[in-house]
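The values are calculated or read from the model by the stated rules, or taken from the named source; none is laboratory data. This one's a predicted model, so the numbers in the text were calculated from it and none came from an experiment. Every residue, glycine as well, gets a Cβ built from its backbone with ideal geometry; the counts of neighbours run over all protein chains shown. Note: areas computed on protein heavy atoms with side chains; ligands, DNA, RNA excluded. Shrake-Rupley method; radii C 1.70, N 1.55, O 1.52, S 1.80 Å.
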Amino acid sequence: MPGRTRACFSDRFAGQTIAHFARSDLKADTAIIVQDATSDYSMGLSEVFAESFEKEGGHVLERISYKTPLESYENLIDQIVALHADVLFLPGYDESGTIIKRCREKGMKAIPLGGDGWNFQEFYKRIGTMGTGSYFCAHYVKHSGNLEAMRFEGNCPDLVTDAASLSDIALGYDTVRLLADAIRRAGSLDHKAIRDALAATKGFQGATGEITYPEGGRDPQKAVAIMKIQGDHAVLVKWYRP
């Protein structure tokens, strides 16, 4: 298993999932993609979304790039509003909140979609009440009923007060537990034995969901949560499983 083994789902699966959700659930025929040219995360997710959306019969009207930090978003926003797409895919971070807010203030009707980079407090501060009706993907859902999630919330009450940072905290929690589980199964502290045990992980029950590594892969097969923003928080819409 070359490279770093991850506890999170892959950006590729996230991009495919969001594109499928846009086509199947939102019935979107057209999309605008707005990507941060300085971010490998944003560019990679944009590429997968575009490929998947068009493979499912949708049409990407335009891919617009910007570079952070950006002093003014006004020209970018005017381009977005003028295109009249069904959905706006914006795989950025907190700056996405500013862009969506200004686009909606200028009359944009497109439904905003994003990746897991939105799920932080600064994004919610920037977007304010203009985020309602937007969708993004997440790794973790609080009070989901998952036994390990409930255990995580019970064991770490001081860590789960900031709902917008929970995904990263829960992923860190699962990463430590994955490593401990691999060490236990390896029966050794030898790094190769631990690596091999980690690669062989199947059906591990984590706070962020069940984790299985495919043969020769370092990205786990695990579910993606689609979240909908309602006011100053987000609620689960559905899970997509590989």
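Tell me yes or no: at least one residue of the range 46-63 is open to solvent by less than 10 Å² (accessible area, probe 1.4 Å) and within 16 Å of G117 (Cα to Cα).
Among the residues of the range 46-63, at least one is open to solvent by less than 10 Å² (accessible area, probe 1.4 Å) and within 16 Å of G117 (Cα to Cα), which makes the answer yes.
Quick check, is E122 open to solvent by less than 50 Å² (accessible area, probe 1.4 Å) and in a helix (DSSP H, G or I)?
Criteria not met by E122.
Could you say whether any residue in the range 34-52 is in contact with a His (Cβ under 8 Å, 6 or more places away or on another chain) and either touching a residue at least 24 places away in the same chain (Cβ under 8 Å) or among the aliphatic types (A, V, I, L, M) (or both)?
yes
Look through the range 99-119, keep the residues that are open to solvent by 10 Å² or more (accessible area, probe 1.4 Å) and under 18 Å from the mean Cα position of the chain (by Cα), and return whichever of them is farthest from V34 (Cα to Cα).
N119
Test A28 against the stated conditions and say whether it is on the phi < 0 side of the Ramachandran plot, crowded, with 16+ Cβ neighbours inside 10 Å, at pLDDT 95 or above and in a loop (DSSP other than H, G, I, E, B).
The answer is yes for A28.
For residues that are part of a loop (DSSP other than H, G, I, E, B) and within 22 Å of the chain's Cα centre (by Cα), scanning just the range 31-84, find the one that is farthest from I18 (Cα to Cα).
Per the stated criteria, the residue is P69.
Kindly list the number of the only condition in (1) within 18 Å of A31 (Cα to Cα); (2) in contact (Cβ under 8 Å) with a residue 40 or more places away in the chain; (3) surrounded by fewer than 20 Cβ atoms within 10 Å (Cβ to Cβ); (4) not β-branched (V, I, T) that fails for A82.
(2)
For the condition of a type in the set (D, E, K, R), over 18 Å from F9 (Cα atoms) and at pLDDT below 90, what is the one hit in E153, E148?
Only one candidate qualifies: E153.
Quick one: count up the residues across the range 64-74 that are of a type in the set (G, A, S) and buried (at least 16 other Cβ atoms within 10 Å of the Cβ).
The qualifying residues number 0.
Note down all Cβ pairs under 8 Å where the first residue falls in the range 188-215 and is more than 22 Å from A138 (Cα to Cα), the second is part of a loop (DSSP other than H, G, I, E, B) and β-branched (V, I, T), and they're at least six residues apart or on different chains.
Once the first residue is more than 22 Å from A138 (Cα to Cα) and sits in the range 188-215, its partners that are part of a loop (DSSP other than H, G, I, E, B) and β-branched (V, I, T) give R195/T5; L198/T5; A199/T5.
Scanning for something in contact with a Cys (Cβ under 9 Å, 6 or more places away or on another chain) and among the acidic types (D, E), does the range 115-128 turn up at least one residue?
Yes, some residue in the range 115-128 is in contact with a Cys (Cβ under 9 Å, 6 or more places away or on another chain) and among the acidic types (D, E).
I'd like to check something: does the range 103-114 contain any residue that is in contact with a Gly (Cβ under 8 Å, 6 or more places away or on another chain) and assigned to a loop (DSSP other than H, G, I, E, B)?
Within the range 103-114 (the criterion being in contact with a Gly (Cβ under 8 Å, 6 or more places away or on another chain) and assigned to a loop (DSSP other than H, G, I, E, B)), the answer is no, since none of the residues qualifies.
Quick one: is D116 touching a strand residue (DSSP E or B) at 6+ places or on another chain (Cβ under 6 Å), under 25 Å from E47 (Cα atoms), modelled with pLDDT of 90 or more and among the charged types (D, E, K, R)?
Answer is yes for this residue.
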